[in-house]
Every structure is written in C-alpha cells, then in structure tokens.
Amino acid sequence: PTYFIGKTLGKPAISYIGEKYPKIRALAELPEKSELTVALLLRAVGTPATVASLYMGATGFRYSSYLIGSVCGMLPLVVAFTVMGTGVRDLSSPVFWIALACCGVVSVTALLLSANIMKKEKNKREDKP
C-alpha cells in the first residue's frame, strides 16, 4: 500500500523524501532500465521500508520492478534474521554468528554495489557533452 500512496502523492513526496534521504534520491535517479536493481539495492542496504516504498511509488517505478526487487533484496536478510532468531537463546551457537555475518555481508555488498553503480552513472554523465 505504501507504494501506491507514494504514486498518488507524486512530486511533493519526491522532494520531501529526497531532501531528508539524499542517498535514496541519488540511487533512484539511475536510468529507468535499472529500476529492478535500484529496488533490490534499496532493500538490501536496509533503508527504511516505508520511505523506500513511498519514494519508488512517487518516482514512478514500475510495480513489477518494485515488487521483484523488494522481495529479492529483502529475502537474504529475512532468512538470516529468522535463523538468528531461532539461535538467539544460545549466543555461543555458530549458527547465530554465521547468520549475523551473512547480514553484514549482504549489507556491505549492497552498499558497495550501489556506490559502484552511482559512480559509473556519474562518470557517464560527466563524459557526455
């Protein structure tokens, strides 16, 4: 539902969220062909779900890109959090620590990928006359 609220709000939501969360704005300004990638990275990095959904709806992401990217981006963290939750009673359990490490790896990888993509896009824009 948050995606559709953002779609209804449109431009005012874009400017408000863009001012408050400049990283979301920078990532969401990637070309249209990257909508799926942007949605996946926004979810994997761990941006607030409501904010990301509102912004993706307001900027006009296709719903299919939003949905598939969101599910794929959140799935590794959901699995890791579930495993951590089952192992939280025994903090000495290697399962807990492996799941925690997986959360960190997913988040760091998503951050590095998003930084790399934004850097490439910036270089492309600078190369154009």
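The values are calculated or read from the model by the stated rules, or taken from the named source; none is laboratory data. Small disclaimer: the values here were computed from a predicted structure and weren't measured. A quick note on method: Cβ atoms are made from the backbone with ideal geometry, for glycine too, and the neighbour counts reach across all protein chains shown. Please note that ligands, DNA and RNA were not included when accessible areas were found on the heavy atoms of the full protein model with its side chains. Shrake-Rupley method; radii C 1.70, N 1.55, O 1.52, S 1.80 Å.
Among helices (runs of 4 or more DSSP H) lying entirely in the range 1-53, which contain 1 or more residues that are modelled with pLDDT of 80 or more and within 11 Å of the chain's Cα centre (by Cα)?
Because the criterion is at least 1 residues that are modelled with pLDDT of 80 or more and within 11 Å of the chain's Cα centre (by Cα), the helices (runs of 4 or more DSSP H) in the range 1-53 that meet it are 35-45.
Limited to the range 38-89, what total is found for residues that are in contact with a Lys or Arg (Cβ under 8 Å, 6 or more places away or on another chain) and of a type in the set (Phe, Trp, Tyr)?
Of the residues in that region, 1 qualify.
Which pairs do you get when a residue that is among the acidic types (Asp, Glu), found in the range 94-112, comes within reach of a residue that is part of a helix (DSSP H, G or I), reach meaning Cβ atoms under 8 angstrom, with the pair 6+ apart or on two chains?
Listed by first residue and then by second, the contacts come to nothing, as the list is empty.
So Met74 ticks every box in (1) under 14 Å from the mean Cα position of the chain (by Cα); (2) open to solvent by less than 70 Å² (accessible area, probe 1.4 Å); (3) under 25 Å from Pro1 (Cβ atoms) but one. Which box is left unticked?
(2)
Any residue at all in the range 104-127 that is buried (at least 18 other Cβ atoms within 10 Å of the Cβ), part of a helix (DSSP H, G or I), of a type in the set (Ser, Thr, Tyr) and at pLDDT below 85?
Looking through the range 104-127, at least one residue is buried (at least 18 other Cβ atoms within 10 Å of the Cβ), part of a helix (DSSP H, G or I), of a type in the set (Ser, Thr, Tyr) and at pLDDT below 85.
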